[in-house]
Each structure stands twice: as structure tokens, then as C-alpha cells.
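Okay, so here's the structure we're looking at.
The values are calculated or read from the model by the stated rules, or taken from the named source; none is laboratory data. Computed from a prediction, not measured in an experiment: that's the story for all the values here. No Cβ is skipped: glycine too gets one built from the backbone with ideal geometry, and neighbour counts run over all protein chains shown.
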Amino acid sequence: MNAKVTTVMTNETPNPTRGSATRRAFLGLALIAAGGFALQSAALVAPAHAAASEAAQKIADHFASVRTMTGEFVQFGPRGEQTGGKFYIERPGKIRFNYDGSSGFKVISDGQSVVLDNKKMNTMDLYPLSKTPLKLLLDERIDLSGNKVRSVKEEDDLTTIQLADKSVFGNSRITMMFDPKSYDLRQWTITDAQGKDTTVMIFNVRQGVKIDQNLFKIDYKRNIDLNKNKNSSR
């Protein structure tokens, strides 16, 4: 059983030992953790059993006012590996994570597709945005009706919201932790079907900034060329 990594959002820049993240960790951030960022820029609609949480609704209202975000992130993988880099988010549907290190690894969503781009390995994995949890969390409005909200836990120093929806997340679940006073997102953890956690923290966050739209462009031609080369080599 992997130990769960706990992190918090801070104004101080952490100095983790950078390591190589696994493909699972990359995918966890690409398709799940970014959704945590997105909650800071879209409306949260809680189902009946969680609607009584006034704190959760206040958090949602606060995040609904934020359209863009930039900052830095540190990601902790299920085996304790650590990676980091910079992120850019614009609602609806656009994200970019630039990972530190020589791989030149990037995760980009242009509002239609999500790509995991590894320049060092010369690979591009492309997914329809509509088939990932990012679609749910990066929309103009997030509909968490039905049984998507598994729990809302309010404590003096923390508000924790856990989401689970097989139609979107499969057998995975997301746990997000917020500051109950500032409504800032502290961390989020994706727990996969095997019970393994990938946790992300953010820092040096700036909201409401203008972002160069070129950052969200996906090189579809390169993706097509890579697929042609892959098929011809079989």
C-alpha cells in the first residue's frame, strides 16, 4: 500500500528533489489534477446531499470569478517520485503544464483535445477533451448533480470535497482540499482504481492574468506525422 502524500499550498517556493515521473503520474496530472485547477474558475453545483454545505458553495462562488491562472506546481507520484514545473489555465477548456527537466514534457489542452507531448521520446498521446475529467471540470459551468459528490467534510482549517463518478472518472476518485477562510485550493489527490495516489500542490499563483493563446496550441501535424512513422515501422 502506498503512503498518501499530503501537501499544502503556500506562498513560499518549495525546493523538492526533482525526479523522473512515471507515465501514470503524468496522466494523473494531465487528466485529473488539472481539473483541480479548473475548479478555481468555474461554478460548482452540489447535489442535494451536499447542498447543505454553505462553505462548499462559497468556495464555488469564489472560484467562479476566476477565468485565468498561472503559477508553479509540484507533483508527487504514487511511489513518492517528485516533478515540477509551470502551469497555465484559461476557462473554458484550456490548460498547459510545462514540466522541468530535459524531457521537455508538456500537457496541453486547446479546448478540444488533450495531448501528452514528450519531445525527448518523440511521442504525442492525444485524447478528446470530452472523454476526460477535464471536460467536466473546465467547462463554463460544472454540474455535480446526482452522486458525483461523495463527501464534503468541513473542519476549522480545511474543507475537503471528494468526487467520484464512474461515467467520467471510472473507478478513480478525486479529493480536493481548500482553505475554509480564503477559499484557496491547497491540494488535490487522484486515487486510481488500484488505490494509488498522485498528489499535486501549487504555489506562486497569479489569477486573472492575460495568457498568450499560442501556449494552448497543439501541433496536430506533428501528431499525424508521428502516427504515420509509427505505422510504417510496424
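Go through the range 119-138 residue by residue and tally those that are at pLDDT below 85 and surrounded by fewer than 17 Cβ atoms within 10 Å (Cβ to Cβ).
Result for the range 119-138: 2.
Restricting attention to the range 153-181, which residues are in contact (Cβ under 8 Å) with a residue 40 or more places away in the chain and part of a loop (DSSP other than H, G, I, E, B)?
SER172, ASP179, PRO180
Is one or more of the residues making up the range 83-106 buried (at least 19 other Cβ atoms within 10 Å of the Cβ), outside any strand (DSSP E or B) and not aromatic (Phe, Trp, Tyr)?
Yes, the range 83-106 contains a residue that is buried (at least 19 other Cβ atoms within 10 Å of the Cβ), outside any strand (DSSP E or B) and not aromatic (Phe, Trp, Tyr).
How many of the residues in the range 182-234 are surrounded by fewer than 10 Cβ atoms within 10 Å (Cβ to Cβ), of a type outside the set (Ser, Thr, Tyr) and either touching a Lys or Arg at 6+ places or on another chain (Cβ under 6 Å) or assigned to a loop (DSSP other than H, G, I, E, B) (or both)?
Going through the range 182-234 one residue at a time, the tally reaches 3.
Quick check on the range 17-31. Is at least one of its residues of a type in the set (Val, Ile, Thr), at pLDDT below 80 and surrounded by 18 or more Cβ atoms within 10 Å (Cβ to Cβ)?
no
Going by what's in this entry, would VAL149 be described as under 21 Å from ASP212 (Cβ atoms) and either surrounded by 19 or more Cβ atoms within 10 Å (Cβ to Cβ) or modelled with pLDDT under 85 (or both)?
On the way: under 21 Å from ASP212 (Cβ atoms): no; either surrounded by 19 or more Cβ atoms within 10 Å (Cβ to Cβ) or modelled with pLDDT under 85 (or both): yes.
No; evaluated as a whole, the condition is false for this residue.
Testing ASP225 on (1) within 28 Å of ASP157 (Cα to Cα); (2) modelled with pLDDT of 85 or more; (3) not aliphatic (A, V, I, L, M), one condition comes back false. Which one is that?
Answer for ASP225: the failing condition is (1).
Output the residues belonging to the range 65-82 that are in contact (Cβ under 8 Å) with a residue 60 or more places away in the chain, surrounded by fewer than 22 Cβ atoms within 10 Å (Cβ to Cβ) and not in a strand (DSSP E or B).
Passing the criteria: VAL66, ARG67, ARG79, GLY80, GLU81.
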